[in-house]
Amino acid sequence: MALVPEVSGNEVNGLGEGRTRRARTVYWAVDPETIAHGQMQRFFYRADPDNAAVNRARANREKLLDEAVPSVSGTPVERTPADWLAALRAYAADNECDRVGACRFDPAWLYEGEDETWRTVVMIAVHHDYSEIAHAPDGRAGAEVIRQYGRAAFSAKRIAGWLRAQGWPAEPVTGPMTGKILLIPPAIEAGFGELGKHGSIIDPEFGSSFRLSAVLTDAPIEPTPKAEHGIDDFCMNCRICEDACPPEAIAPEKQQVRGETKWYVDFDKCLPFFNEHHGCAICIAECPWSRPGVGLNLAQKLARRRERG
Ligand code: SF4
Ligand code: SF4
């Protein structure tokens, strides 16, 4: 708590602001010195220095992050957008990616101060092993999160290299320090699920038990459709994550954030607990959609209820 800055993370994040604006980095900055919560971010990496599982996962992820991505070469390969999507799906499936999708790039997803233009965002999801994430907030769950960020980074770098080898500019974006772009909005746009009350995406197959990475590219890949399963409505009547969150950081009602009304997690309440408990993840583990086999059944029930009107 001694490292908490004077400015509220919620203020940086635009809580209560009615005007639409780009996001500012609250946490997970590439250079922690550039953000108000930088000292807290540094603390995260010092919190449990002797945890062997966490250290192993971090060392492995660092190795993956250090691997070079080949440069763009040759004339851009031409395919129809549908053929690009089919080729991407086949390649991604062989490269640690549990789900791949695509959407048109929207500059509104860039952090304030970033200025880039791309045609397509390729979204990548990797599924947690639930038997590990279920140990949240123990370091065992923290190590699983780092392992999955490693897989997501591996996949993004492979896909970027694959696109570059076919003559198309492509840049991998790996989490949690994405540097330039938010990952949740393009993931929702690419059909990866709906925003849950706990601030993470929920999908019937993976629940909210997955991690994201992305590739920004000019290759004309067909967008995958946005998906709605009635999860937003479900969250209105569920409070499992609210009750399970030790610092009571999950808001019971949607909040206005940068001109949008949406589910919101109080950054200032979540972060100290998150930092002292290996990234916490209790809300992800406790969400019923995350439990193996539960999400698909829930989605079917909700679909039947919608059909009955
Ligand atoms: S990560 Fe932990 S502290 Fe943060 S909202 Fe989820 S349950 Fe609460
Ligand atoms: S625990 Fe319940 S309210 Fe929270 S995100 Fe999951 S479904 Fe929504």
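Suppose we filter the stretch 232-248 for residues that are within 12 Å of ligand 2 (Cβ to nearest atom) and touching a helix residue (DSSP H, G or I) at 6+ places or on another chain (Cβ under 7 Å); how many remain?
Residues that pass the stated criteria total 5.
Does the stretch 130-152 hold any residues that are over 18 Å from GLY207 (Cα atoms) and among the aromatic types (Phe, Trp, Tyr), and which are they?
If the condition is that a residue be over 18 Å from GLY207 (Cα atoms) and among the aromatic types (Phe, Trp, Tyr), then no residue fits.
Suppose the filter is touching a Lys or Arg at 6+ places or on another chain (Cβ under 8 Å) and either in a strand (DSSP E or B) or surrounded by fewer than 21 Cβ atoms within 10 Å (Cβ to Cβ) (or both); does ILE188 pass it?
yes
Does any residue of the stretch 17-32 turn out to be under 23 Å from the mean Cα position of the chain (by Cα), part of a helix (DSSP H, G or I) and either surrounded by 13 or more Cβ atoms within 10 Å (Cβ to Cβ) or of a type in the set (Phe, Trp, Tyr) (or both)?
yes
Output the residues belonging to the stretch 32-65 that are in contact with a Gly (Cβ under 8 Å, 6 or more places away or on another chain) and polar (S, T, N, Q).
Matches in the stretch 32-65: ASN51, ASN60.
Here are PHE206, PHE267, PHE210: which of them is in contact with a His (Cβ under 9 Å, 6 or more places away or on another chain), more than 16 Å from ligand 2 (Cβ to nearest atom) and in contact (Cβ under 8 Å) with a residue 40 or more places away in the chain?
Going through PHE206, PHE267, PHE210 in turn, just one is in contact with a His (Cβ under 9 Å, 6 or more places away or on another chain), more than 16 Å from ligand 2 (Cβ to nearest atom) and in contact (Cβ under 8 Å) with a residue 40 or more places away in the chain: PHE267.
Take the stretch 46-56 and flag every residue that is part of a helix (DSSP H, G or I) and either modelled with pLDDT under 95 or not basic (Lys, Arg) (or both).
ALA52, ALA53, VAL54, ASN55
Of the residues that make up the stretch 281-299, is at least one farther than 12 Å from HIS198 by Cα, surrounded by 21 or more Cβ atoms within 10 Å (Cβ to Cβ) and away from ligand 2 (no atom under 14 Å from the Cβ)?
Checked against the condition, which is being farther than 12 Å from HIS198 by Cα, surrounded by 21 or more Cβ atoms within 10 Å (Cβ to Cβ) and away from ligand 2 (no atom under 14 Å from the Cβ), the stretch 281-299 yields no hits at all.
Output the number of the condition that GLY259 fails; it satisfies all remaining conditions of (1) under 28 Å from PRO5 (Cα atoms); (2) in contact with a Lys or Arg (Cβ under 6 Å, 6 or more places away or on another chain); (3) near ligand 2 (Cβ under 10 Å from one of its atoms).
Failing condition for GLY259: (3).
Residues ALA187, ALA156, ALA219, ALA143: which one is within 16 Å of ligand 2 (Cβ to nearest atom) and modelled with pLDDT of 95 or more?
Only one candidate passes the filter, namely ALA187.
The values are calculated or read from the model by the stated rules, or taken from the named source; none is laboratory data. Quantities reported herein were computed from a predicted structural model and do not represent experimental measurements. Please note: Cβ atoms are built from the backbone with ideal geometry, for glycine as well, and neighbour counts cover all protein chains shown.
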